[in-house]
Structures are given as structure tokens and as C-alpha cells.
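Just so you know, all these numbers are worked out from the coordinates, no wet-lab data involved. This is a predicted model, so every value here is computed, not measured. Cβ: placed from backbone, ideal geometry, glycine included. Neighbour counts: every protein chain shown.
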Amino acid sequence: MTDTYARTTGTWRNWAGNVTARPARVASPASVDELAGVLRRASEDGLKVKPVGTGHSFTATAATDGVLIRPDLLTGIRDVDRTAMTVTVEAGTPLKRLNAALAREGLSLTNMGDIMEQTVAGAISTGTHGTGRDSASVAAQILALELVAADGTVLRCSADEHPDVFAAARIGLGALGVVTAVTFAVEPVFLLTAREEPMTFDRVTADFDRLVAENEHFEFYWFPHTGNCNTKRNNRSAGPAAPPGRVSGWIEDELLSNGLFQVACSVGRAVPGAIPSIARISSRALSARTYTDIPYKVFTSPRRVRFVEMEYAVPREAAVDALRELKAMVERSPLRISFPVEVRTAPADDIALSTASGRESAYIAVHLYRGTPHQAYFTAVERIMTGYDGRPHWGKIHTRDSGYLAGAYPRFGEFTAVRDRLDPDRLFANDYLRRVLGD
Ligand SMILES: Cc1cc2nc3c(=O)[nH]c(=O)nc-3n(C[C@H](O)[C@H](O)[C@H](O)COP(=O)(O)OP(=O)(O)OC[C@H]3O[C@@H](n4cnc5c(N)ncnc54)[C@H](O)[C@@H]3O)c2cc1C
């Protein structure tokens with residue numbers, strides 16, 4: 001399930017259901033030429049334009065009352081180059097389709113996030129990331145991309161061609177044009193061994209630097225109201241493949257992580273006082289396990305329980321202090337939090353508006369079950385994270401504006417200069433962009 005567009009009411013709704021919009025028109029161009037025509041007509045009619053992916057952003061980044069461009073017909077693999085080890089893909093392709101197609105070719109991306117429902121363009125545009133010691137976000141794995149600018153010009157950019165556009169457009173927030181194709185660096189498919197293991201909060205935070213340094217991909221979840229965490233370490237393996245057993249995999253990934261978790265969240269929403277007890281039980285329900293599989297099967301898993309999320313990137317060295325402060329805040333407050341807090345890392349990268357731009361980063365993500373009032377919790381978390389020079393994920397709930405973000409990103413001005421050049425009349429503007437980028 002992704003976003004929805006109801007023709008009868010003309011209403012678009014994102015995955016989490018916290019953002020709705022009523023676009024004046026919806027278009028599904030099937031080619032770059034058709035897309036250029038859609039942009040021209042919108043401009044003639046004085047309408048703004050917004051390309052959407054699968055609506056997995058929690059912010060109103062894809063919302064518009066102008067022309068909503070759907071990705072459905074701009075999908076598929078354009079080219080596989082085994083000499084250069086690159087794959088060029090149409091920008092509307094869902095990541096799950098890309099992953100499956102790559103696996104069939106014996107290829108893989110190096111790193112990815114927790115799910116693979118998003119489109120390629122949607123995922124990169126807000127800086128979607130997983131966790132990695134050496135490998136960074138999905139956008140950081142791009143070698144070139146094709147963009148249709150506001151005036152209909154098709155622009156190819158890479159480190160050699162329009163490098164300033166390339167530095168900005170890999171995480172372009174949908175502000176620079178419509179991305180139509182993306183060229184990724186790929187590698188021969190490999191195996192990862194995942195080790196999932198419960199650990200105490202005190203131990204994970206005391207050993208955090210070592211756990212990050214010793215593993216290619218380290219992440220953990222802390223269960224609020226408890227001292228319990230679940231850790232996950234993914235490292236390359238010579239094999240053989242040993243996927244989770246069909247029954248035990250179903251119990252962990254579907255029953256515990258989705259089915260029973262959904263029930264626990266519903267009970268918690270109805271009876272918040274029960275949340276700490278539920279957290280103590282659910283934090284012990286997942287047991288240690290080890291399995292080995294191809295990357296996308298290890299990195300991603302189904303997320304069927306709907307939630308809202310805020311995520312901040314802080315300098316890596318500040319992660320433990322920020323997290324301890326978050327834990328102390330929850331313990332002091334009357335808040336009852338049913339969802340675990342997720343912690344991941346990324347190396348520094350060279351993309352202007354990447355949350356890891358120019359600095360090694362740790363991500364701290366907080367979630368709440370859909371329909372639970374989130375303001376008090378998220379406001380308190382945001383206050384902590386901004387105290388550590390935090391940068392909010394562009395696709396997850398936050399209240400920062402261009403004044404704050406210009407200070408948080410040393411290359412902010414570089415991005416807005418490219419935007420001024422490619423979209424001087426702000427064809428791609430919406431309320432979210434006005435807030436985070438300024439006019
Ligand atoms: C269950 C769940 C799990 C998630 N897990 C992670 C995770 O592990 N890591 C992480 O970092 N994030 C995660 N996210 C956030 C998600 O990856 C991002 O919000 C992502 O941007 C969503 O992609 P989408 O295809 O749904 O794009 P949308 O949300 O529809 O759009 C996002 C942005 O991309 C722009 N855009 C879309 N298509 C184009 C195009 N063709 N050209 C230019 N701009 C375009 C839109 O205008 C908008 O600004 C998760 C979200 C959910 C709901």
C-alpha cells in the first residue's frame with residue numbers, strides 16, 4: 001500500500017495519512033516529451049507542478065494544489081552497463097522492482113533503507129538512507145541523473161557534466177525539476193550475514209563507537225520505558241546463503257513485527273497507561289537470530305503498521321549524548337511511547353542538502369502509531385536534536401524553516417543558486433518548499 005488518489009473527491013493522501021492535498025489536475029506522462037508538454041501547459045495555466053513518488057514522506061514535500069505528476073508510466077530499467085558497473089533506471093521505478101531486476105542480473109546496490117516501496121526519484125529526493133559505516137544513502141550511490149527543468153529542457157548531470165546541478169539534484173526535494181532517469185553504481189550481488197541481538201541500552205550506548213567501527217552496517221532500536229534494545233549487525237559474508245526459515249521468518253517479520261505489534265499499538269493508543277508494560281513485553285519478544293541473504297532481503301522488511309515519524313541527523317560523536325537526553329526526557333515526562341526509537345549511522349557525503357553533507361552522522365528516529373497525538377513528543381525530541389546541530393530528514397515531520405536550515409547546511413546557498421537558475425519562476429514550489437528553502 002502506498003499513497004492514494006481518490007478520483008471521486010479529487011483528494012491525494014500520503015502513506016501515513018497525515019498529509020492530504022487536492023490537486024487541480026493529475027498527470028501520468030509516459031515519456032520525457034509528454035512530461036515537457038505537461039510542464040508547458042501547467043505554466044501556461046498558471047499552475048504549480050509537483051512530481052510524487054509513492055507518498056511515503058511524512059512531510060508535505062509532495063503536496064500540491066496544482067498539477068500532480070504521478071510516476072506510474074515512467075518506470076523500468078533503461079540500461080545495464082556491465083563494464084562500467086552501472087544501471088540506468090526510469091525515475092518512477094519502485095525500489096522493490098529495481099532490487100528484483102538487479103538481483104536477476106546478478107547485481108545489487110551497496111546500501112539501502114528499511115523498506116523498498118518508494119520510487120527511485122522519491123527516495124533520493126528526500127535523502128533516503130539506511131545505515132552504514134562506509135556506504136551512504138541511496139542518493140550517494142548515483143553517478144548521473146536526467147532532469148527535466150521548468151522550461152522543458154532535458155539536462156543530464158554527473159560529476160563531469162553540470163557538476164553543480166549534480167551536487168544539488170541528487171537530493172533535490174523536487175525543487176529543481178522532474179527527475180526522469182537515474183544511473184546508479186552497482187556491484188556484483190553479494191551476501192550479508194545479519195545478526196540480530198537484544199542488548200541493554202547501557203551496553204549499546206557504552207559500546208556504540210566500537211559497534212559502529214566493527215560492523216559494515218550497525219543499527220539498533222531502543223524501546224522507550226525500558227532499558228532494552230534490539231541491535232542489528234550486517235556484514236558481508238562468503239556464504240552460503242541461509243535465509244530465515246519460512247516459519248521463524250514469518251513469526252519474527254510478520255507476526256511479531258507487524259501483526260502483534262499492530263495489536264499492541266492499538267491497545268496502547270486506547271489505554272496509554274498500559275504502554276510501559278507492553279513495551280517491556282514486546283522488547284523481549286524478539287529473540288537473537290542470524291541469517292545470510294542477498295542485500296535487499298537483509299536491509300529491508302515489510303512495514304504494515306502505519307505510523308508518523310521524525311528523524312534527525314546529528315554529528316556522529318553527539319549520538320549517544322543526544323539519545324541519553326532523549327531517554328531522560330521520556331522518563332521525566334508523562335509521555336507514553338509505543339514505538340521503538342531507531343538509531344543508524346552514515347559516513348559524510350558530498351551532496352549539498354544531504355543530512356550527512358560534509359559530516360559523519362548518526363540518525364535518531366522517533367515514531368508514533370498513526371492517530372496518536374505526536375506534537376508533544378516530537379516537539380520535545382526536536383528541541384533536543386536541534387541542540388546538537390541536528391538536520392531533519394526532508395521527508396519526515398519537522399518544523400524547521402529556511403532560517404535554521406541555511407545555518408545547518410554549509411552548502412545551502414549553493415543549492416538555492418541552482419534552484420534560482422533552473423526554476424526562476426518557481427514552477428515546482430509548494431508550501432513545504434517555501435518554508436524550508438525560502439521564496
Ligand atoms: C514505512 C516507511 C519506511 C521508511 N523508511 C525509511 C528509511 O529506512 N530511511 C529513510 O531515509 N527514509 C525512510 N522513509 C522515508 C521515505 O523513504 C522518504 O520519505 C521518500 O522520499 C519516500 O519516497 P516516495 O517515492 O514515496 O516519494 P514521495 O514521498 O512521494 O515524494 C518525496 C519527494 O520526492 C519528490 N519527487 C518524487 N518524484 C520525483 C521526480 N520524478 N523528480 C523530482 N522529484 C520527485 C517529491 O516531489 C517529494 O518532494 C520511510 C517512510 C515510510 C513510510
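Laid out as a table, the results:
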{"item": "Calculated from backbone phi, Karplus (6.51, -1.76, 1.60) coupling profile of region 79-90 in Hz, x at Gly/Pro", "result": "7, 10, 10, 6, 6, 7, 6, 10, 10, 10, 10, 5"}
{"item": "Approximate spin-label separation ARG434-ARG383, in nm, with each point projected 7 Å along Cα-to-Cβ", "result": "2.9 nm"}
{"item": "Compactness relative to 2.2 N^0.38 Å, alpha carbon Rg of region 209-355", "result": "1.15"}
{"item": "Counted charge near GLY371, where neighbours are those whose Cβ lies closer than 12 Å (Asp, Glu -1; Lys, Arg +1)", "result": "+3"}
{"item": "Amide N proximity, region 1-34 versus ASP65 label position 7 Å along Cα-to-Cβ, cut-off under 11 Å", "result": "22-24"}
{"item": "Distant-in-sequence amide H partners of LEU107 (H built 1.01 Å from N, under 5 Å)", "result": "VAL189"}
{"item": "Packing-based exposure ordering (other Cβ within 10 Å, fewest first) of ASP439, ASP389", "result": "ASP439, ASP389"}
{"item": "Two-site label geometry, GLU214 and VAL189: point separation in nm, points 7 Å out along Cα→Cβ", "result": "3.1 nm"}
{"item": "Stokes-Einstein D (µm²/s) once Rh is taken as the Kirkwood radius of region 125-271 over alpha-carbon pairs, at 4 °C in 1.567 mPa s", "result": "68 µm²/s"}
{"item": "GNM top mover of GLU331, GLU44, GLU317 - the chain, alpha-carbon springs below 10 Å", "result": "GLU44"}
{"item": "Residues whose placed amide H lies under 5 Å from that of THR180, excluding near-sequence neighbours", "result": "GLU146, LEU147, VAL148"}
{"item": "Euclidean distance between Cα centres, region 278-314 to region 335-381, Å", "result": "15 Å"}
{"item": "Amide H within-cut-off set for THR131, under 5 Å, with H built and near neighbours excluded", "result": "MET112"}
{"item": "Cβ-derived FRET efficiency at R0 30 Å, ARG203 paired with ALA274, nearest 0.05", "result": "0.65"}
{"item": "DSSP beta bridge pairing in the chain, given as percent antiparallel to the nearest 5", "result": "90 percent"}
{"item": "Cα centroid separation, region 419-439 to region 112-174 (Å)", "result": "18 Å"}
{"item": "Size-normalised alpha-carbon gyration radius of the chain, reference 2.2 N^0.38 Å", "result": "0.95"}
{"item": "Table column - 3J(HN,Hα) (Hz), region 314-329, Karplus curve with 6.51, -1.76, 1.60, x for Gly and Pro", "result": "10, x, 3, 5, 9, 4, 5, 4, 5, 5, 4, 5, 4, 4, 5, 4"}
{"item": "Linear extension gain, ARG25 paired with ASP45, 0.36 nm per residue minus alpha-carbon span", "result": "6.1 nm"}
{"item": "R0 of 35 Å, Cβ-Cβ distance ASP33-ARG7: FRET efficiency to nearest 0.05", "result": "0.85"}
{"item": "³J(HN,Hα), Karplus 6.51/-1.76/1.60, whole Hz, each residue of region 405-414, x for Gly, Pro", "result": "5, 4, x, 7, 10, x, 9, 4, x, 5"}
{"item": "Kirkwood Rh and Cα Rg combined as Rg/Rh, region 27-71", "result": "0.99"}
